[in-house]
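The values are calculated or read from the model by the stated rules, or taken from the named source; none is laboratory data. Keep in mind it's a predicted model, so treat the numbers as computed, not measured. For neighbour counting, all protein chains shown are included, and Cβ atoms are generated from backbone atoms with ideal geometry for every residue, glycine included. Please note that ligands, DNA and RNA were not included when accessible areas were found on the heavy atoms of the full protein model with its side chains. Shrake-Rupley method; radii C 1.70, N 1.55, O 1.52, S 1.80 Å.
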Amino acid sequence: MENREFKEREPLSSLILYYLFKGSIIVPMCYGYFRGRVYGQENVPKKYPLVVVSNHASYFDPPLLASCIGRPVAFMAKEELFEVPLLKEGIRLYGAYPVKRGAGDRSAIRSALTALKDGWLVGIFLQGTRTIDGGIDDPKLGAAMIAAKAQVPLLPVSLWGTEKILKKGSPIPRPVPLTIRIGEVIQPPESNKRQALETVTQKCATVINELHELGR
């Protein structure tokens, strides 16, 4: 993608923080504690922003997703977190962008577009919320809309096994086996018309579900 409006990579300070956090915490947790397997890392572009879409079944999904991609992934976070001293600087460096609670999709889309222009990969859970089994049966159009507005590709990712990490009533993560599969890049919708958004959204959901069905 040759778009001069976008930076090629994320801010250097964020990259340094990402690799420090990844190397000291996420990698040992993913590959050691969870015996993680990652397939398809060669499908991740080395430069330029894109929208990363995946299924969602656990609070552990954002750091695991960012770790397996090999580049920092910016996720939305509620605006109140950016009012906490020190925390606000840390999560901003790590790629979080503020979204006002109750402000609707416009605020989220605007923040995501800003992150993309700054060179970030933007992570969006395709169903918008966690599902019990990690499958996607009601995908939302937000990711496709952002990709259409920015004209950046989408990268489908399947997170398998994360729904078993936390047992109900227990805060201690269980050492369950995880498998992460990264699909091939999907081109953005050609327009913001609903039919175009639905077509690309369904394609993303189908790819992610098919990757998820491959299991371990």
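Considering the range 146-182, and only residues there that are without any contact (Cβ under 8 Å) to a residue 40 or more places away in the chain and out of contact with any helix residue (DSSP H, G or I) (no Cβ under 9 Å at 6 or more places or on another chain), the residue that is surrounded by the most Cβ atoms within 10 Å (Cβ to Cβ) turns out to be LYS164.
Per this entry, ALA196 is not counted among residues that are assigned to a helix (DSSP H, G or I) and either touching a residue at least 60 places away in the same chain (Cβ under 8 Å) or open to solvent by 80 Å² or more (accessible area, probe 1.4 Å) (or both). Within the range 3-57, which residues are of a type in the set (Ser, Thr, Tyr) and either surrounded by fewer than 17 Cβ atoms within 10 Å (Cβ to Cβ) or part of a helix (DSSP H, G or I) (or both)? The answer is SER13, SER14, TYR18, TYR19, SER24, TYR31, TYR33, TYR39.
Being within 18 Å of the chain's Cα centre (by Cα) and part of a helix (DSSP H, G or I): is that true of VAL152 here?
Details: within 18 Å of the chain's Cα centre (by Cα): yes; part of a helix (DSSP H, G or I): no.
Answer is no for this residue.
Among the residues of the range 72-84, is there at least one that is crowded, with 16+ Cβ neighbours inside 10 Å, in a loop (DSSP other than H, G, I, E, B) and touching a helix residue (DSSP H, G or I) at 6+ places or on another chain (Cβ under 6 Å)? Yes, that holds for at least one residue.
Yes or no: the range 103-117 includes at least one residue that is in a loop (DSSP other than H, G, I, E, B) and at pLDDT below 90. Talk me through it step by step, then tell me what you get.
Going residue by residue through the range 103-117, those that are in a loop (DSSP other than H, G, I, E, B) are 103-104.
Adding the requirement that they be at pLDDT below 90 leaves 103-104.
Yes - at least one qualifying residue is present in the range 103-117.
Examine the range 91-99 for a residue that is more than 23 Å from ARG181 (Cα to Cα), of a type outside the set (A, V, I, L, M) and open to solvent by 60 Å² or more (accessible area, probe 1.4 Å), and state whether such a residue exists. Scanning the range 91-99 turns up at least one residue that is more than 23 Å from ARG181 (Cα to Cα), of a type outside the set (A, V, I, L, M) and open to solvent by 60 Å² or more (accessible area, probe 1.4 Å).
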